[in-house]
1. Just want to confirm a number: the relative contact order over the chain, from Cα pairs under 8 angstrom separated by 6+ residues, in percent.
2. Take the alpha-carbon centre of the stretch 61-95, take the same for the stretch 190-212, and report the distance between them in whole Å.
3. Between L83 and A245, what FRET efficiency follows from the Cβ-Cβ distance if R0 is 51 Å, with the result rounded to 0.05?
4. Hey, got a sec? Which GluC sites (Glu not before Pro) in the stretch 147-227 land in a DSSP loop and have at most 11 other Cβ atoms within 10 Å?
5. With angles folded into 0 to 90 degrees, how steeply does helix 94-105 sit against the dominant principal axis of the chain? Use alpha carbons for both and round to 10.
6. Subtracting the Cα-Cα distance from 0.36 nm times the residue separation, let me have the gained length for K147 to S217 in nm, one decimal.
7. Between A41 and K102, what FRET efficiency follows from the Cβ-Cβ distance if R0 is 51 Å, with the result rounded to 0.05?
8. Rounded to two decimals, what is the ratio between the C-alpha radius of gyration of the stretch 2-133 and 2.2 N^0.38 Å?
Amino acid sequence: MYFQQREVMSDHGFRVYKAIQYIDQNLFAQIDLDLIASAGAFSPFHFHRVFTSLMGMTVSEYVRKRRMSEAARRLIDTDQDILDLALECQYESQEAFTRAFKNAYDVTPGQLRKMRKSIEVDRPLTLDDINALTKGDAVRPEIIEMKEKRLIGVAKPYSEYDFQAAHNHWDQFVARWSEINPIDPEVVYGVGLESHRQIKKSATDRYVYLAGIEVGSQHPLPIGFTEVVVSAGKYAKFTHKGHLADSGDTVRKIWNVWMPESGLEILDGMSIEVYGSKFNRDSADSEFDILVPFKS
């Protein structure tokens, strides 16, 4: 059965499965994203995009949910001490673990142990689960040739995507609009980078994000701003139509359906969002583009 399933899965799907399998096999260890990505033969930057778009949550969120599920199973099936279980789940105290557990399942660990009754939890994902997630209608891009662009803006490191933090990040950039003389004031760019020489990342930071705009080569760099040069070359341009909050489905189709089927060699280390006059972050009547660089 294993080899039959392996044969019908895409190589991409199987690599995602291997990474998730590594998480489950090391669930109570200190999670290292580099090792997880390596288990699936991804770069950490690429894996972050693939996993988040596929699962609808970050690796850290997935690990927390799976630890809680396993903790619930142990509370019912074993006599493991609750404090030991709390520490194994990486909580500093039994009280913190109890709060998180009750928030997840509406019962405390002690109450569940007394009940000895199964509750609905998140089980480990199977090969079939991943196969289903990586299937679907692929979005079709427009292939464009883009000239080199010099972007400047506010850049920050992130350990995982945070919707509210991203909004605040853009607000900080817009607040400094008067310091910029852009080439096109109606088009702004969000650039995800694996790293940037001017931005210090902590041990848990996985990428750097720039909220910025294109300027001329002689435009001064305001204090506190960061510069990113986007290379000239070929890009696959995808357009998300609809509310910003629904863009996750478009991203999933790009990285987990179109990308594995495209046969193109994607250039790692950068992702680009383009927000023009049709974008409205608070409306369902909105559009923005996602550019994926590839080797021609």
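Since every read-out is calculated from the coordinates, none of them should be taken as a lab result. Here the structure is a predicted model, which is why all the values come from computation and not from measurement. Note that each Cβ is placed from the backbone with ideal geometry, even for glycine, and that neighbours are counted across all protein chains shown.
1. 20
2. 33
3. 0.85
4. Sites meeting the loop and neighbour criteria: E148, E186.
5. In the chain, helix 94-105 runs at an angle near 80 degrees to the longest axis.
6. 23.9 nm is the gain from fully extending K147 to S217.
7. Taking R0 as 51 Å, the efficiency between A41 and K102 is 0.85.
8. In units of the 2.2 N^0.38 Å rule of thumb, it is 1.15.
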